[in-house]
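All remarks here apply to the structure that follows.
The values are calculated or read from the model by the stated rules, or taken from the named source; none is laboratory data. Only a predicted model underlies this, so the values are computations on that prediction, with no experimental measurement involved. Don't worry about glycine lacking a Cβ; one is built from the backbone with ideal geometry, like all the others, and counts go over all protein chains shown.
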Amino acid sequence: MATLILLNGPPAAGKSTLARRWVADRPLALNLDLDQLWPMLGRWQDDPRATGLAARRLALAMAGAQLAAGRDVIVPQFLGRPEFVDQLADLAGEHRARFVHVVLAIDRAQMHDRFDDRRDHLGAELIRLLGGEAELDRMYDRLQALVAIRPEVVRLDPADPYSALLAATAD
């Protein structure tokens, strides 16, 4: 059975790094990093919100194709609102795949420290376009609110997130 993993967490938590490591151990698994889709869309900086929605539509199509082939997908993406989470869960159900929603939990201060260390990263540029440090705090708060209402969420231990991810996704 294929698995669709939503690897959620605050900006700069280490989601992309963790997803790359997870995919490296699985033949033909897809690391569907939406932040990598943004710059593939023309003039994406002009309307970041529309770009985000377009990237999500593309991601759903790509994930659907992968799941239809019986292959795993991991989506390392901050999500603070339930709509896309629900779309991913529904997509997994349509393909009789398992859906696992995990959160790489770091605290607000860690998020700010890590974010400050990666000013040249595309994700940092996206957040600057969306409102900068104030948006970063709003994102953190939305994630905490989302996790509070989603009983299926598995929190990954930040001390050893890869082992925690393996445990959460074990068959």
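A count restricted to the range 124-149 and to residues that are crowded, with 17+ Cβ neighbours inside 10 Å and either under 14 Å from Leu18 (Cβ atoms) or at pLDDT 90 or above (or both) stands at 4.
Taking Ala55 and the conditions (1) farther than 18 Å from Tyr162 by Cα; (2) touching a residue at least 24 places away in the same chain (Cβ under 8 Å); (3) surrounded by 15 or more Cβ atoms within 10 Å (Cβ to Cβ), which numbered condition does it fall short on, given that it satisfies the others? The one condition Ala55 does not meet is (2). Is the range 93-101 home to any residue that is loosely packed, with under 12 Cβ neighbours inside 10 Å and within 17 Å of the chain's Cα centre (by Cα)? No - not one qualifying residue is present in the range 93-101. The set of residues in the range 76-88 that are in contact (Cβ under 8 Å) with a residue 40 or more places away in the chain, farther than 17 Å from Asp33 by Cβ and in a helix (DSSP H, G or I) contains only Pro82. Figure legend. Inter-residue proximity from the range 19-45: first residues without any contact (Cβ under 8 Å) to a residue 40 or more places away in the chain and at negative phi, second residues part of a helix (DSSP H, G or I) and of a type in the set (Ser, Thr, Tyr), beta-carbon distance below 6 Å, spacing 6+ or different chains. Indicated pairs: Leu41/Thr51; Trp44/Thr51. Flag: Gln66 matches the condition of being of a type in the set (S, T, N, Q) and at pLDDT 95 or above.
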